[in-house]
């Protein structure tokens, strides 16, 4: 029936629409790939009235991308936690800077003694919310260029002395304090907020029960209106950094590893109700253990600490009920194994992790998926994998650069961390094009100083390269800011469902959902369309796409004004069948396919 009805109208539609042409857009790739440009054209969303909170290595507050056209700062609050060690007593007090203080400094007043020595924090903020004012045609603006900013300098891997900039020592701030402070400042600003901690590795329970994950849940709960937390999956994908096995009391279960000899660590989490003894046995003859539950031993350059459930050190402190193990080895090169044996009848399960892909150690057997960072395993977190946005560019010196070693254009970045979480959740919601992208670079940062080849030719020295999960997470943050602009009361769980429903699959993603891509590639236009009630193909507003929509479809493409008069209350964007942001001849074949069905 549907086939015959369409056949009577096909030739008329094709001939009547032959002169209709689609719009052309020439902005930078991330905004095009995610359809952020189309979303802005259709809905006018820029992040206005939304706060983006960046917890990272700081920010170059002088960078034009974070200054409004009137010369005032976009940063509402800045907290600098330089010099801290988690939440240890005796930490230096964090230093807070207000919007007024930053504005005064921009005008030559008292200086703001806070910087992004590394460069990581500035580019995070630029991807999420840079306004692109520094150079050219705003092509390197971020996802939410009109959003307000709250910035917490909470971590640094350290930076070398460069030019007139002093060295910076590594530090990690107190996440509890930072998140409580952020909660207060979000309330003061009064806007909906999306936040990211753009740091973290496989270090913790990876099940949403660590102290930091629970604090994130408290401040950004999945059902808290206008509060959303998002992050990238991590950078451990495809590395042999996660092993798992069952164990019992009848014989030791052994997990083999190979190390290069430098200091390194293994962490493990195992069934709390099945206590076990741990032994480390090196091929060079060194043996330490068995170490019973809730005990420790340090011998021959090998340290083994076993923690009772809930008694782990910060930031691990977990409510999972499982037991944690920390193993440190120094001065042993070659092979070895971790052995676990239960001390009472019954079976348990153990997961072992290597916390840093740069450590000279890999697991040799019992390898399993699930290499998310601990922050990405947070229950309330919306999490994105990473795919490749570019494989070639021209740097600021005019030198062509290319890299296909870490993935193909449009394909998954080789080291995008995968799910599931340790407690069995999928762990990934969508994927964003975060590898080989360009955004604001801190002008006094080590990154800008050390690596001119990372700066893009048409960026005037203001914009540089970012990638990995650190590039992907801020894209999702900016997208969520635009969603919050459309609905300031949106919850994290509502946003998650919308993103999952509207993500697109292709030949790279394969069948979705899966633990690498989640539900597919982020499609921001489709997400906002769903929020706006767009039902593609339903042009007569009867709630379904069918042959009764053919004439309205033709009218919508030929004369949108007449369509609006004849079908008041209907959405002309329902005619954008292919989701390219316009209603035009390119929608004809998709409309036919929609009517004909599978």
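Points worth noting:
- Number of residues in the stretch 210-236 that are closer than 9 Å to residue 378 by Cβ, surrounded by 21 or more Cβ atoms within 10 Å (Cβ to Cβ) and touching a strand residue (DSSP E or B) at 6+ places or on another chain (Cβ under 9 Å): the value is 6.
- Residues of the stretch 255-266 satisfying the condition of being at negative phi and surrounded by fewer than 20 Cβ atoms within 10 Å (Cβ to Cβ): 256, 258, 260, 262, 263, 265
- Flag for residue 107 being surrounded by fewer than 24 Cβ atoms within 10 Å (Cβ to Cβ) and without any contact (Cβ under 8 Å) to a residue 40 or more places away in the chain: yes
- Checked against (1) surrounded by fewer than 19 Cβ atoms within 10 Å (Cβ to Cβ); (2) outside the structural domain of residue 523 (by TED's automatic domain parsing); (3) part of a loop (DSSP other than H, G, I, E, B), residue 335 passes all but a single condition, namely (3).
- Some residue of the stretch 514-528 being under 29 Å from the mean Cα position of the chain (by Cα), touching a residue at least 60 places away in the same chain (Cβ under 8 Å) and on the phi > 0 side of the Ramachandran plot: yes
For (1) part of a loop (DSSP other than H, G, I, E, B); (2) without any contact (Cβ under 8 Å) to a residue 60 or more places away in the chain; (3) in contact with a helix residue (DSSP H, G or I) (Cβ under 9 Å, 6 or more places away or on another chain); (4) not assigned by TED's automatic domain parsing to the domain that holds residue 207, each residue gets a yes or a no:
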residue: 428; (1), (2), (3), (4): yes, no, yes, no
residue: 443; (1), (2), (3), (4): yes, no, yes, no
residue: 449; (1), (2), (3), (4): no, no, no, no
residue: 465; (1), (2), (3), (4): no, no, yes, no
residue: 471; (1), (2), (3), (4): no, no, yes, no
residue: 481; (1), (2), (3), (4): no, no, yes, no
residue: 496; (1), (2), (3), (4): no, no, no, no
residue: 501; (1), (2), (3), (4): no, yes, yes, no
residue: 508; (1), (2), (3), (4): yes, no, no, no
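- Residue 504 fulfils the conditions (1) surrounded by 21 or more Cβ atoms within 10 Å (Cβ to Cβ); (2) in contact with a strand residue (DSSP E or B) (Cβ under 8 Å, 6 or more places away or on another chain) except for a single criterion, (1).
- Checked against (1) touching a helix residue (DSSP H, G or I) at 6+ places or on another chain (Cβ under 7 Å); (2) crowded, with 18+ Cβ neighbours inside 10 Å; (3) assigned to a loop (DSSP other than H, G, I, E, B), residue 582 passes all but a single condition, namely (1).
- Condition met for residue 538 (in contact (Cβ under 8 Å) with a residue 24 or more places away in the chain and in the same structural domain as residue 554 (by TED's automatic domain parsing)): yes
- Scanning the stretch 139-160 for residues that are closer than 24 Å to residue 456 by Cα and outside any strand (DSSP E or B) turns up 139, 140, 141, 142, 143, 144, 145, 146, 160.
- Scanning the stretch 296-315 for residues that are surrounded by 15 or more Cβ atoms within 10 Å (Cβ to Cβ), closer than 23 Å to residue 247 by Cα and in contact with a strand residue (DSSP E or B) (Cβ under 7 Å, 6 or more places away or on another chain) gives 297, 302, 303, 304, 305, 306, 307, 309, 312.
- Set 126, 121: member being in contact with a helix residue (DSSP H, G or I) (Cβ under 8 Å, 6 or more places away or on another chain) and closer than 17 Å to residue 443 by Cα: 126
- In the set 433, 369, 420, 345, only one residue is in the same structural domain as residue 256 (by TED's automatic domain parsing) and either part of a strand (DSSP E or B) or surrounded by fewer than 22 Cβ atoms within 10 Å (Cβ to Cβ) (or both); that residue is 345.
- Answer from 109, 130 - the residue that is farther than 30 Å from residue 458 by Cα and in the same structural domain as residue 154 (by TED's automatic domain parsing): 109
- Among strands (runs of 3 or more DSSP E) entirely within the stretch 1-116, having at least 3 residues that are modelled with pLDDT of 95 or more and closer than 30 Å to residue 547 by Cβ singles out no element at all.
- Yes/no for residue 545 being assigned to a loop (DSSP other than H, G, I, E, B), in contact (Cβ under 8 Å) with a residue 12 or more places away in the chain and surrounded by 19 or more Cβ atoms within 10 Å (Cβ to Cβ): yes
- Considering 407, 402, 460, 398, the condition of being out of contact with any helix residue (DSSP H, G or I) (no Cβ under 8 Å at 6 or more places or on another chain), at positive phi, without any contact (Cβ under 8 Å) to a residue 60 or more places away in the chain and in the same structural domain as residue 149 (by TED's automatic domain parsing) is satisfied by 407 alone.
- Condition check for residue 160: surrounded by fewer than 24 Cβ atoms within 10 Å (Cβ to Cβ), under 16 Å from residue 81 (Cβ atoms) and assigned by TED's automatic domain parsing to the domain that holds residue 125: no
- Of all residues making up the stretch 178-230, the number that are closer than 25 Å to residue 123 by Cα and outside any helix (DSSP H, G or I): 19
The values are calculated or read from the model by the stated rules, or taken from the named source; none is laboratory data. Keep in mind that what you see is a predicted model, and the values were worked out from it rather than measured. Backbone-built Cβ (ideal geometry, glycine too); neighbour counts: all protein chains shown.
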